[in-house]
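Single-structure report; data block below.
The values are calculated or read from the model by the stated rules, or taken from the named source; none is laboratory data. Note that this is a predicted model, so its numbers are computed, not measured. Counting neighbours? That spans all protein chains shown, and the Cβs are built from the backbone with ideal geometry, glycine included.
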Amino acid sequence: MRVITPFFNGFERAARRLRGALIMAVLLMLGACATRTLPVQVTRFVEPGFALGPAPRAEVVPAHPELAKDPDFVAFGNLVGERMRRFGFRPADGGEPDVRIRLDYDGRAVETRAAGPRIGIGIGAGHAGRHVGFGGSLGTTVATGGRRKVYDHRIHLSLVRASDGRVLWEGRAFANGTRLDLKAAFPVMLDALLAEFPGRSGETRTVEVPLEPGHQR
């Protein structure tokens with residue numbers, strides 16, 4: 001019996017390449033299904049002996065008059081009020097509050113170049129005919145990947161005791177280089193800022209907050 005070894009060797013090489021491609025496809029699928037997160041840098045300051053008593057009445061106010069004119073302030077303020085109710089705060093409902101929650105925020109768009117491979121382009125010349133010829137080449141490298149818009153966002157919250165104006169708690173959250181606009185980033189950043197409320201005073205840390213499916217960080 002004659003065994004055609006090169007044929008079987010070629011078949012085995014093709015099978016190995018196919019297995020490698022299948023493994024790579026599975027890894028890419030798993031990566032696509034992985035939970036995306038938004039890294040938020042959080043810093044909080046807590047007044048020593050921080051305490052407000054049971055079910056303090058609170059109202060959310062703009063940190064400066066111009067912010068009250070922002071069309072998103074009411075929605076953002078309602079989000080802050082809803083989150084604070086989880087910690088026992090209740091709305092003042094027009095009455096005198098025990099604490100005022102000063103809200104400040106901003107977001108700005110920045111443009112950055114998306115990373116991409118660099119492609120080399122070359123122009124060369126060879127022989128013309130059998131005996132007459134010329135040679136040489138000209139080449140350049142072109143960066144691929146276009147520009148994209150990303151955002152830098154900031155949230156600043158202060159809990160101010162209404163009776164004497166004393167700041168009892170203060171927190172800042174930053175999210176830089178995100179593709180989320182402020183409307184999409186605000187609730188995510190707020191959750192990071194209020195995680196383990198009131199938190200450790202003077203500590204700056206990065207909180208990774210899971211994003212809903214479909215959101216790009």
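Out of the residues in segment 57-66 meeting the condition of being buried (at least 18 other Cβ atoms within 10 Å of the Cβ) and hydrophobic (A, V, I, L, M, F, W, C), tell me which one is nearest to the chain's Cα centre (by Cα). My answer is Val60.
When only residues in segment 166-217 that are of a type in the set (Ser, Thr, Tyr) and under 14 Å from the mean Cα position of the chain (by Cα) count, which is nearest to Phe89 (Cα to Cα)? Step by step, filter segment 166-217, then rank; the result is Thr206. Scanning segment 58-72 for residues that are closer than 25 Å to Ser163 by Cβ and of a type outside the set (D, E, K, R) turns up Ala58, Val60, Val61, Pro62, Ala63, His64, Pro65, Leu67, Ala68.
For every residue, the table says whether it meets (1) crowded, with 18+ Cβ neighbours inside 10 Å; (2) part of a loop (DSSP other than H, G, I, E, B); (3) in contact (Cβ under 8 Å) with a residue 40 or more places away in the chain; (4) among the aromatic types (Phe, Trp, Tyr).
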{"site": "Pro54", "(1), (2), (3), (4)": "no, yes, no, no"}
{"site": "Ala68", "(1), (2), (3), (4)": "no, no, no, no"}
{"site": "Phe76", "(1), (2), (3), (4)": "yes, no, yes, yes"}
{"site": "Leu79", "(1), (2), (3), (4)": "no, no, yes, no"}
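Once segment 81-111 is narrowed to residues that are loosely packed, with under 15 Cβ neighbours inside 10 Å and hydrophobic (A, V, I, L, M, F, W, C), the residue that is farthest from Thr178 (Cα to Cα) is Phe87.
Residues being under 26 Å from Val207 (Cα atoms), modelled with pLDDT of 90 or more and of a type in the set (Asp, Glu) are represented in segment 86-105 by at least one member.
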